[in-house]
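Remarks on the structure that follows.
What follows draws every value from the coordinates through simple rules; no lab data is involved. Just so it is clear, the structure is predicted and the values come from calculations on it, not from any experiment. Reconstructed Cβ throughout: ideal geometry from the backbone, glycine too, with neighbour counts over all protein chains shown.
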Amino acid sequence: MCGIIGILGNSPAVPRLMESLRRLEYRGYDSAGVATLDDGILDRRRAPGKLSALDAALASEPLAGNSGIGHTRWATHGQPTVTNAHPHMTDTVAVVHNGIIENFKSLKAELTAKAVSFEGETDTEVVTRLITQYLAEGLSPRDAFQTTLGRLQGAFALCVLISGNDDLMFGAREGSPLVVGLGTGENYLGSDAMALASLSNRLIYLEEGDWVEVTRNEVKTFDRNNNPVKRAGTISQVAATMIDKGNHRHFMQKEIFEQPTVVAQVLGRYLDPNAGTINLPDMPFDLATVPKITLVACGTSFYAAQVARYWIEKIARVPVEVDIASEFRYRDPVYQDGGLAIFISQSGETMDTLAALRHAKDAGQHIAVIVNVTGSSMAREADLVMPIHAGPEIGVASTKAFTCQLAVLAAFSVALAKAKGQIDDDAVTAYVSELERTPKLMAQILAGDEEIAAIAAKISNARDILFVGRGIHFPIAMEGALKLKEISYIHAEGYAAGELKHGPIALIDENVPVIGIAPNDALAEKTVSNLQEIMARKGKVVLFSDDAAANHEGMLAHFTMPSGGDLITPILYALPVQLLSYHAAVEKGTDVDMPRNLAKSVTVE
Ligand code: F6R
């Protein structure tokens, strides 16, 4: 992952680089750094940890210069120390990099044999040293950069400055995103539209293998064979204003509470309540003839895919295969002719998911994506884009993107069922009115925030917590466990309630809280008996259910949910587990919005 930014400007670069890095911090926050060119001389500041540490370093030792590059790091090779922080620099070259140089060991060995010494352990340093070496051998800056690119294997987005060249910056894209921003007498490079939002909305998305030679007045683009190419420009819709937390303590809290609004917004795009119909974007293929759906995603987006499997199978009766993106393409999946592969991703940049998308595309599948970032790589490579319209999600733990993904997937499942002739117009209208109730019911659940905070206080000292659910709520149990572990660092697992007795029940004692997701549906009784089995073994049960008549005796706590129809319950039950995790993390005093070791956009495999 990592975020990169480059500016060839006409005013001091550092404040502008820092503004862009703040927008990129979601991509990683293990360390950060900037380098500037001032009168042809390169200099840099780097600091481990969050951007505030770099701010402090720059305050005590400022950097001048109107050109600069910056980086926020999610560590891959080498610990998050100052030495391993980017920019990597020699006297002549400064480099920031997002991705992994896979052949860095052999390149390092080759350079070491030529008595080139290395400062740190990162893969990126070979890029800096190679360019430096080629310049020393007399190559022009362009030839040195181009020759270096030819030596690299792996995934990279690069941004490079060269001493003595105040009006020159190079960039390259291979497997990691890089966008050109066009200014007036200035030009920029950045990992995404968000990084460039305060600088320009006139963007050029580079294609795989492209590299650019940028000056203040010109951007020359070349393809991987070094042929000059023209790439289309686009106007970014990303707002230049920094998103703030409003009255909330954390972005995650704000995003949890935004859900009734954003889910209403996304449903407004996909439903026509007056006609009682679903409006999907124009289809470049015929849904009625799709023989199989493949759903692929990572993390929370994968749990959205798992929920969707239940909807699609039950309502549309179409075979569905679901997999984690990092596993999918390596197991040689069996595609069906005319099959539709749907990739779900908040960022649209997750490398595992993008690679799986390309695998399915090469195999001739129809490609649809469900993304939040509509200018993302996935959106640009898909046949069909179904945006989730959640607005920027800043908290690293995904919340509103999840429920908006579910809203789109629910609408899609109903539309597919109709296209397949499995349901009639009246059934579609009934589903539409059920979906329409979602935002109001979500608001009712959020009104129970304090009650859930009190439950969180009871479990936040636990070392292990299990989440259980059945059927379509099993993925919600897994999502609850993921949310809890990533922000509170409490070990948590999600299980199918019926599976506990096949092993995991051995973990249960009086110190292990078990969170039951048990809406009053066809499987409720069975889930409740599983919870009784836990209580019989002294397990502490917390129940989320809309069954007013449920027996709560012996439970640690319970929270009464509003009742929704079968279609929307998984969307509703996502909320209490988000709130529970949020409050448990607040109790524990962790960094809720930027939990350790994580990043919002995972652009390495
Ligand atoms: C968890 C979380 C991650 C992401 C995963 C996929 O809260 O945010 O598990 O869901 O990294 O990211 P996207 O959806 O951007 O592909």
Rg(Cα) of segment 245-436 divided by 2.2 N^0.38 Å? 0.99
Net charge of neighbours whose Cβ lies under 14 Å from the Cβ of Val514, counting Lys and Arg as +1 and Asp and Glu as -1: +1
Arranged by the count of other C-beta atoms within 10 angstrom, fewest first, what order do His552, His502 take? His502, His552
Quick one: putting +1 on the C-beta of Lys and Arg, -1 on the C-beta of Asp and Glu, what dipole do you get for the chain around its Cα centre, in Debye to the nearest 20? 320
Over segment 449-595, what number does the Rg to Rh ratio reach, with both radii from the alpha-carbon atoms and Rh per Kirkwood? 0.93
Normalised by the residues of the chain, what does the relative contact order come to in percent, with Cα pairs under 8 Å and at least six apart? 12
Quick one: Cα centre-to-centre distance for segment 222-294 and segment 496-541, in angstrom? 37
Asserting the computed 222 nm helical MRE of the chain (DSSP H runs at least 4 long, -39500 (n - 2.57) per run, divided by residue count, to nearest 500) equals -10500 deg cm²/dmol
Using 0.36 nm per residue, how much length does the chain from Glu436 to Ser52 gain when fully extended, once their Cα-Cα distance is taken away? 133.9 nm
What is the Cα centroid distance between segment 479-494 and segment 75-136, reported in whole angstrom? 36
Taking a cut-off of 19 Å between Cα atoms, list the aspartates and glutamates near Lys50, but don't count ones fewer than 8 places away on the same chain. Glu19, Glu25, Asp30, Glu61, Asp244, Glu393, Glu486, Asp591, Asp593
Lys pairs under 29 Å by Cα in segment 245-436, provided they are eight or more residues apart or on distinct chains: 16
Going from the fewest other Cβ atoms within 10 Å to the most, one would list Ser301, Ser117 as Ser117, Ser301
Spatial separation of Cα centroids for segment 375-401 and segment 1-43, in angstrom: 25
DSSP beta bridges in the chain, what fraction antiparallel, as a percent rounded to 5? 60
Could you work out the pair-distance distribution P(r) of the chain from its alpha-carbon pairs, with 20 angstrom bin width and percents rounded to whole numbers? 20, 49, 27, 4, 0
